[in-house]
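The values are calculated or read from the model by the stated rules, or taken from the named source; none is laboratory data. These numbers were taken from a predicted model, which means no experiment stands behind them. Here the Cβ positions follow ideal geometry from the backbone for every residue, glycine too, while neighbour counts run over all protein chains shown. Surface accessibility is based on the protein's heavy atoms, side chains included, excluding ligands, DNA and RNA. Shrake-Rupley method; radii C 1.70, N 1.55, O 1.52, S 1.80 Å.
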Amino acid sequence: MKRNFDLSERYEEVKDKLEEVGYDTIPAIVFLQTIALLQRGECAKKHILKLDRQKFIDMWDEVVDAVERTVDYFRNYYRIPVSRILPYNSLVVPFAYFFYHHPDKPETEMKNRLESFFWRTALSERYSSAVETKLAQDKRRIDRILGGEQPKYDYHVDVTPDSIIENGLFSANRSYKKSILCLYAYQEPKSFNDHSIVRINNGWLKQANSKNYHHFFPRAFLKRKGEDEFYINHILNITIVDDFLNKRKIKAKAPSVYMKNFIEQNENLEKTMRTHLIDDIDVFGIWNDDYDLFFQKRAEIVSKELEKRLLV
């Protein structure tokens, strides 16, 4: 028996490794809940307190491996570069449960079912309440995926343009907004001025006014036009850029002004803008500063991208 096992020390060791890949915000409870699901099929506090100590110790390394595989999967397949935009840290739990039982990468239908599970959970804001109960329910959904079956869902996820518009007031802490930020990050956004890679940093993503978040139609510009705050500070107006671009080059300029500068600097600007889910700058209302047109066009393209990720 490993009598010198210290959970806090072991967690700090794992956290140091996760910090190297930008996932250091994953809390210790994720590991406890995963082990509880594996041992008891439930993960409420009362179940965690009743875990068998020796089994816990024996399972620890394999659970850490499963969490690390989950992080790799989130980073490489979903292209979520840092944990700060992960819709829920709790999403690690069902995926770690999956990778504990299935160490290899999922393929074909299994992969598609896992992806649909991820986006359904994130967009429905499912883990905003009663998370332990819902994790136990979702453990059974993961069991079905592991068994080669499609899980059954008793809740609906609406990704129509109208629903995105209705639910899109930007807040860096809401799961729905983080889900769409994950969608933006998946495109591997490039810098407007030179098509270079935009590095997304955990330390910059704590608040909705952080350095990586840029209002494509700047707030001050829209306020001068009398636009409503709901539409100004909406997820559909957010792009992911670097600090230099956001604070020094764009500021409060109209899109028609700052984009004309970038088209002179960046011969790949159209390709660049597609990495921000702005497919055709000539039809998005950018050159005549038509925010209503831009807003509707971006809602439509975000909707199409989300639909691809959800199985019926």
Pairs under 8 Å by beta carbon, first residue open to solvent by 10 Å² or more (accessible area, probe 1.4 Å) and basic (K, R) in region 175-187, partner in a helix (DSSP H, G or I) and modelled with pLDDT of 95 or more, six or more apart or different chains?
K178/A122
Looking at region 59-113 only, could you name the residues that are basic (K, R) and surrounded by 19 or more Cβ atoms within 10 Å (Cβ to Cβ)?
R69, R84, R113
Hey, among F294, F262, which residue is farther than 23 Å from I197 by Cβ and of a type in the set (F, W, Y)?
F294
Taking only region 34-53 into account, find how many residues are buried (at least 18 other Cβ atoms within 10 Å of the Cβ) and farther than 14 Å from L135 by Cβ.
0
Which of the residues that make up region 284-296 are open to solvent by 20 Å² or more (accessible area, probe 1.4 Å) and either closer than 17 Å to K260 by Cβ or among the small types (G, A, S) (or both)?
W287, N288, D289, D290
Which pairs turn up if I take residues in region 113-130 that are over 18 Å from S171 (Cα atoms) and look for partners that are open to solvent by less than 10 Å² (accessible area, probe 1.4 Å) and among the β-branched types (V, I, T) with beta carbon separation below 8 Å, at least 6 apart in sequence or on another chain?
R113/I145; L114/I145; F117/I142; F117/I145
Looking at region 81-94, is at least one residue of a type in the set (S, T, N, Q) and either over 19 Å from I29 (Cα atoms) or touching a His at 6+ places or on another chain (Cβ under 6 Å) (or both)?
no
Filter region 262-282 for residues that are farther than 16 Å from L236 by Cβ and among the hydrophobic types (A, V, I, L, M, F, W, C); the one that is surrounded by the fewest Cβ atoms within 10 Å (Cβ to Cβ) is I263
Going by the conditions given, is S163 of a type outside the set (F, W, Y) and open to solvent by less than 50 Å² (accessible area, probe 1.4 Å)?
yes
Quick one: in region 13-28, which of the residues that are farther than 23 Å from C43 by Cα and assigned to a loop (DSSP other than H, G, I, E, B) is most open to solvent (accessible area, probe 1.4 Å)?
V21
Within the set of pairs 6+ apart or on separate chains, which have a first residue in region 133-159 that is open to solvent by less than 40 Å² (accessible area, probe 1.4 Å), a second that is modelled with pLDDT of 95 or more and of a type in the set (D, E), and C-beta atoms under 6 Å apart?
A136/E42; V159/E307
Quick one: count up the residues across region 271-282 that are at pLDDT 95 or above, farther than 13 Å from F216 by Cα and of a type outside the set (S, T, N, Q).
2
Among all residue pairs at least 6 apart or on different chains, which show Cβ distances below 6 Å where the first residue, located in region 215-229, is in contact (Cβ under 8 Å) with a residue 60 or more places away in the chain and in a helix (DSSP H, G or I) and the second is among the β-branched types (V, I, T) and buried (at least 20 other Cβ atoms within 10 Å of the Cβ)?
L222/I232
Only listed residue being open to solvent by less than 10 Å² (accessible area, probe 1.4 Å) and part of a helix (DSSP H, G or I), chosen from F56, F31
F31
Single residue of Y97, Y78 found to be in a helix (DSSP H, G or I), of a type in the set (S, T, Y) and at pLDDT 95 or above:
Y97
